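Peer 1: Below you'll find the structure I mean.
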Amino acid sequence: MKTTRRELLKYLGSLAALLGLPKSVGKAYAETLRKLKEGKTKIIIISGQACSGCILSATYSDGPFFDDLVIMIKNILHPTLAASQGKNFIKELYKVIDEGDYILTTEGAVPGEEKYCEFGGKPYSEILLDAVRNAKFLVNMGTCASYGGVPAAKGNPTKAMSVPEFLKKNGVNIPYVNVPGCPVRSDRILATWLYIATFDKLPPINQKINAPKMFYEDIIHYNCERYQYFTQDIYAKKPGDKFKCLLALGCRGPITYGDCSYKRWNCGKNYCIAAGTPCIGCSNPKFPFDKPIYTSPQEVLKGLKIQ
Amino acid sequence: MIKEISPITRIEGHLKVEVETSQNVVKKAKIVGEMYRGIEKIVENRHFMDPIRIVQRVCGLCCEVHGLASCKAIENAINAPVEPNGDKIRDLIICLNIINDHSLHFYQLTLPDYIDFSVLENVPLFLKNPPKAPDLIRDKIVAKKFLKKYLDSFKLRTRVCQGIAILGAKTPFAHAILVGGVSTNIRTDDVGFFVSLLNDVKDFLEEYKKDILFLAENFKHLFDIGKGPGNYLSVPHLYVPGKVLINGKEEEFDVSYVTEDEPKYGFIKTPRYKGYVVETGPLAECILTKNKEFYDLLKKLNVPKEKANSLMGRLLARYVDSLMAYRYAKDLVDSILAKGNNIYWKDPKGLYEGEGYGFVKAPRGALIHYIKIQDSKVKKYSIISPSTWNFSAGGPVEIALKGCPVESEDLVNVGRIIRSFDPCTACSIQ
């Protein structure tokens, strides 16, 4: 089943509404998709210390289906999808880099020492710098690229860092936006690409975490379906407890920005708190935290810096 | 002459291969993993329950199996009971994970090695530059048909992942998988979803069967290359027993015979069983369980049994594994109760000690997690993933590459053999 133009416009209209724009912007998006289809917008995805979770998550989308998007965004390049291999892939990649004017998307952290991530005979850091040089915009996909994430967790054996941190160290300036989450959710990354392609600028961001407001404006806690139990001090003793707040199990909802509580995951099917398991703050810049994941609320609230 | 493929694309992670060739045949191969994060080190000294969520991040593709293996290791270490319904739900998640994974491997990662999509107009950039193989199928009608399947499989996977999310909160990285079961409450209408989902999976598997047979018919010469060590290993989980086959002798799997050395080169460790190189994965499991479906397919193709141990044999076995996972999932759906309280929770604030193993049948084969807990903290954590077994220095893949014909500069068959093992580099190097 192919998504029809009508369905697509409907979806784009709702995307527009999500951004706080008039529904007619859906038409502007449709225009963008036409441009994408003609190959006028290019997206390069490169991956460092990553697990491929983000690129895969991007494909688990139902509106528009990723396959439609693949056809539309003809010029998308990612090593996990590329037919070419070895030197031919590197050639292909550098051809797009040399042409310039693309949206660069990074997946994964950057190691402090070059030997911890090599790709096609070059350190990842070198490829990243080459790719950034000609990029129009930079989108950091997922928590690792945005803030360091798991590779940069306490102990950090490879001295891993986020992409913005790496670029700052190397004195490179480029307009960028983070789209955090472990992994990124498909609509968050697809809509960010679409916004940039349509308006030729970055979406409005929540300055605290440099992530698009359309997804990361609010703290998860405030929209939580269990908020009423929090206000009544009714706390769960174990995961899966119904009608109870999960704070006592270490829920990071109160310190994490995101729209999980109303947009949910995997096409709206479910998400952590609804499934009775606490939010572990996977889009939080401090993820995966130094403190235990399933911990006391005091530990969570100690780091509380809301507004 | 030394030639290399760097990077090997259409796999998970960063991998390169160097091959020494003479007279257009590979004499020696060296597999090098090129990315390291040190996740086993990262979880050290953390709270003993943290690894479930952190080692899950080893890989975005096989995340659910790592989550479960970690839970099982912890349950084994602290003697935690598992709620039976919750256990079934966790297994159903793994079955769906297996179907999801094999579909990605066949349609997105494998097909471009065999079918030239660039003969079509309007193909995406990443399919425009196929490996230069003399035997690539260049028929436009075939390419068009398979491009549709290539794209349609994204939709099936989206559906399968919705199923994992219903059971496990979300995916990749299902957070409802916990020590003692799952936190999810299953409702009656959820069961309905799975009946419909598994019907879709069944239809999909029928197509998959046709497609893999088409490939096998057209590339029969690939039953002649990619012969692995012939030693196989599987761990007890789902529809697979814990078995080992070494030099033609079968025995029960016993974890105490597993050894693990530091990498000789690159970052991939070298696990051995009683000192032997062993292959793991769907092919190993089909051979160890004398899988009837698998041997029937070989018969249908007029391929002798001995050629099961080959490049094409592995691709065939991966289809059979999806079928097994589907059947197992179907039985699970019939027996899972729609109810809440699917977990026996151990209070993380208690004091715990012990060591334990977790075994999971992952899409790529035998997955082993080991944890040592002291003062409720992780003293030592170790992961032997299927790709660690297969991609270690001197391991099954390097053996399988020996004798591989090198027909073009692009080393197409080398790439095909490597992909037949479905490498997951992120898993092999944590």
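Peer 1: Work out Dmax and Rg for the stretch B:199-248 from the C-alpha atoms and quote the Rg first, both in angstrom.
Peer 2: My reading of the Cα-based Rg and Dmax gives 15.8, 41 Å.
Peer 1: Right, here's the next one. Taking the solvent-accessible surface of protein heavy atoms with a 1.4 Å probe, what is the per residue accessible area of chain B in Å²?
Peer 2: Working: 13910 Å² over 430 residues.
Per-residue accessible area for chain B comes out at 32 Å².
Peer 1: On a 0 to 90 degree scale, rounded to 10, what angle separates helix B:84-104 from the longest Cα axis of chain B?
Peer 2: 20 degrees
Peer 1: Relative to the longest principal axis of chain B, what angle (0 to 90°, nearest 10) does the C-alpha long axis of helix B:311-335 take?
Peer 2: The angle comes out near 30 degrees.
Peer 1: For the stretch B:149-197, state the average projected area of the convex hull of the C-alpha atoms over all orientations, rounded to one decimal in nm².
Peer 2: Numbers: hull surface 15.8 nm².
Its Cα hull, projected and averaged over all orientations, spans 4.0 nm².
Peer 1: Let me ask another. Under the rule of at least 5 residues apart or a separate chain, name every residue whose amide H is placed under 5 Å from the amide H of A:Leu81.
Peer 2: Here the answer is B:Arg10, since their amide H atoms fall under 5 Å of that of A:Leu81.
Peer 1: Solvent-accessible area per residue for the stretch A:106-235 at a 1.4 Å probe radius, Å²? Display every interim value, and only then the final one.
Peer 2: Working: 4890 Å² over 130 residues.
With all protein chains present, the stretch A:106-235 gives 38 Å² per residue.
Peer 1: How large is ³J(HN,Hα) for each residue in the stretch A:243-258, as worked out from phi by the Karplus curve 6.51 cos²θ - 1.76 cosθ + 1.60 (θ = phi - 60°), to whole Hz, x for Gly and Pro?
Peer 2: 6, 9, 7, 8, 4, 5, 9, x, 4, 8, x, x, 10, 10, 7, x
Peer 1: Can I ask one more? Return the whole-Å distance between the Cα centroid of the stretch A:162-189 and the Cα centroid of the stretch B:289-307.
Peer 2: If we compute the Cα centre of each part, the gap is 49 Å.
Peer 1: Please compute how much accessible surface disappears when A pairs with B, both sides summed, using a 1.4 Å probe, and round it to the nearest 100 Å².
Peer 2: Counting protein atoms only, the buried area is about 6800 Å².
Peer 1: Count of lysine pairs in the stretch B:70-181 with Cα atoms under 24 Å apart, counting only pairs 8 or more residues apart in sequence or on different chains?
Peer 2: 20
Peer 1: Once phi is turned into ³J(HN,Hα) by the Karplus curve 6.51 cos²θ - 1.76 cosθ + 1.60 with θ = phi - 60°, what whole-Hz value does each residue of the stretch B:412-417 show in order, with x for glycine and proline?
Peer 2: 4, 5, 4, x, 5, 5
Peer 1: Could you let me know the centre-to-centre spacing of the stretch B:221-254 and the stretch A:241-259, using Cα atoms, in angstrom?
Peer 2: 45 Å
Peer 1: For the stretch A:183-307, what does the equivalent ellipsoid look like in terms of its semi-axes, each the square root of 5 times an eigenvalue of the Cα gyration tensor, given largest first in whole Å? Don't jump to the answer; show the numbers that get you there.
Peer 2: On the way: eigenvalues 150, 50, 29 Å².
Semi-axes (√(5λ), whole Å): 27, 16, 12.
Peer 1: Report the FRET efficiency, 1/(1 + (r/R0)^6), for B:Asn79 and B:Asp334, where r is their Cβ-Cβ distance and R0 is 45 Å, rounded to 0.05.
Peer 2: Working: r = 30 Å, r/R0 = 0.68.
E between B:Asn79 and B:Asp334, to the nearest 0.05, is 0.90.
Peer 1: For B:Lys274, which lysines qualify as cross-link partners when the Cα separation must be under 19 Å and same-chain residues fewer than eight apart are set aside?
Peer 2: B:Lys243, B:Lys249, B:Lys264
Peer 1: Placing unit charges on C-beta atoms (Lys and Arg positive, Asp and Glu negative, everything else neutral), compute the dipole magnitude of the stretch B:303-385 about its Cα centre in debye, rounded to 20. Could the numbers behind the result be given before it?
Peer 2: Numbers: 15 positive and 8 negative charges, 51 e Å.
Magnitude of the dipole: close to 240 debye.
Peer 1: Rounded to the nearest 500 deg cm²/dmol, what is the calculated helix-only ellipticity per residue at 222 nm for chain B, with -39500 (n - 2.57) per DSSP H run of length n ≥ 4?
Peer 2: Values: 13 runs with 174 residues, N = 430.
Taken over chain B, the calculation gives -13000 deg cm²/dmol.
Peer 1: Report which residues of the stretch B:50-85 become buried by 30 Å² or more of accessible surface when going from the isolated chain to the complete set of protein chains (1.4 Å probe; DNA, RNA and ligands ignored).
Peer 2: B:Asp50, B:Arg53, B:Ile54, B:Arg57, B:Gly60
Peer 1: Can I ask one more? Just B:Arg272, B:Arg53, B:Arg138 to compare: in a GNM of chain B, with alpha carbon springs under 10 Å, which one fluctuates most?
Peer 2: Largest GNM mean-square fluctuation: B:Arg138.
Peer 1: Using each residue's phi in the stretch B:132-143, evaluate 6.51 cos²θ - 1.76 cosθ + 1.60 at θ = phi - 60° and report the 3J(HN,Hα) Karplus result to the nearest Hz, with x for Gly and Pro.
Peer 2: Computed from phi, the couplings for the stretch B:132-143 are 7, 9, x, 9, 4, 6, 10, 5, 5, 5, 4, 4 Hz.
Peer 1: Which Cα, out of B:Gly350, B:Ile384, B:Ile399, lies furthest along the positive dipole direction of the stretch B:349-406 (beta carbon charges, K/R +1, D/E -1)?
Peer 2: B:Gly350
Peer 1: Let me ask another. What is the antiparallel percent of DSSP beta bridges lying wholly in the protein assembly as shown, to the nearest 5?
Peer 2: Working: 56 of 79 bridges.
The antiparallel fraction comes to roughly 70 percent.
Peer 1: Now for a separate question. Name the long-range amide H neighbours of B:Ala362: under 5 Å, sequence gap of 5 or more, or other chain; modelled H, no Pro or chain starts.
Peer 2: Hits under the 5 Å cutoff: B:Leu367.
Peer 1: If Rh is defined by the Kirkwood formula over all Cα pairs and Rg also comes from Cα, what ratio Rg/Rh do you get for the stretch B:1-110? If you can, show how the numbers build up before the last one.
Peer 2: Numbers: Rg = 19.0 Å, Rh = 17.0 Å.
On the Cα set of the stretch B:1-110, Rg over Rh gives 1.11.
Peer 1: Let me ask you something else. Estimate the FRET efficiency between A:Glu113 and B:Glu353 by the formula 1/(1 + (r/R0)^6), using the beta-carbon distance for r and 51 Å for R0, to the nearest 0.05. Provide the component values of the computation, followed by the final result.
Peer 2: Working: r = 35 Å, r/R0 = 0.69.
Once rounded, the FRET efficiency stands at 0.90.
Peer 1: Same structure, new question: Taking all protein chains in place and a 1.4 Å probe, what share, in percent, of the accessible surface of chain B do carbon and sulfur account for?
Peer 2: Details: 6900 of 13910 Å².
Its accessible area is 50 percent carbon and sulfur atoms.
Peer 1: While we're on this one: Given the C-alpha atoms of the stretch B:321-430, compute the convex hull and give its volume per residue in Å³.
Peer 2: Numbers: hull volume 17.4 nm³, N = 110.
Enclosed volume per residue, from the Cα hull, is 158 Å³.
Peer 1: Right, something else. Restricted to Cα positions, what overall size does chain B have along the principal axes? Three whole-Å values, descending.
Peer 2: Ordered largest first, chain B gives principal extents of 64, 48, 42 Å.
Peer 1: Taking the simple approach of a point 7 Å from Cα along Cα-to-Cβ for both B:Ser256 and A:Glu126, what is their distance in nm?
Peer 2: 5.0 nm
Peer 1: Would you mind computing, in nm to one decimal, how far apart the modelled labels at B:Asp139 and A:Asp233 are, each placed 7 Å from Cα along Cα→Cβ?
Peer 2: 7.5 nm
Peer 1: Please list the non-local residues whose amide H lies under 5 Å from the amide H of A:Asn75, H modeled 1.01 Å from N, same-chain partners needing a gap of 5 or more.
Peer 2: Answer set, sorted by chain and number: A:Ile43, B:Leu125.
Peer 1: I would also like to ask the following. If you bin every alpha carbon distance in the protein assembly as shown into 20 Å steps from zero, what whole percent lands in each bin?
Peer 2: Answer for the protein assembly as shown: a P(r) of 18, 56, 25, 1 percent.
Peer 1: Between B:Glu121 and A:Lys136, what FRET efficiency comes out of the Förster formula 1/(1 + (r/R0)^6) with R0 = 25 Å and r the beta carbon distance, rounded to 0.05? Mind dumping the intermediate values first?
Peer 2: On the way: r = 27 Å, r/R0 = 1.09.
That gives a FRET efficiency of 0.35.
Peer 1: Given a 10 angstrom Cα cut-off, can you work out which residue in B:Glu121, B:Glu64, B:Glu44 is the most mobile in a GNM of chain B?
Peer 2: B:Glu121
Peer 1: Considering only the other residues whose Cβ falls under 14 Å of the Cβ of B:Ile98, what net charge follows from Lys and Arg at +1 and Asp and Glu at -1? Walk me through the intermediate numbers first.
Peer 2: Details: positive: B:Arg90, B:Arg157, B:Arg318, B:Arg327, B:Lys330, B:Lys361, B:Arg364; negative: B:Glu64, B:Asp91, B:Asp101, B:Glu285, B:Asp321, B:Asp422.
Counting the neighbours of B:Ile98, the net charge comes to +1.
Peer 1: Between B:Val142, B:Val26, B:Val277, which gets the highest mean-square fluctuation from a Gaussian network model of chain B, Cα cutoff 10 Å?
Peer 2: B:Val142
The values are calculated or read from the model by the stated rules, or taken from the named source; none is laboratory data. Since this is a predicted model, take the numbers as computed values, not measurements. Glycine gets a Cβ as well: all are built from the backbone with ideal geometry, and neighbour counts include every protein chain shown. Calculation scope for accessible area: heavy atoms of the full protein, side chains included, ligands and nucleic acids excluded. Shrake-Rupley method; radii C 1.70, N 1.55, O 1.52, S 1.80 Å.
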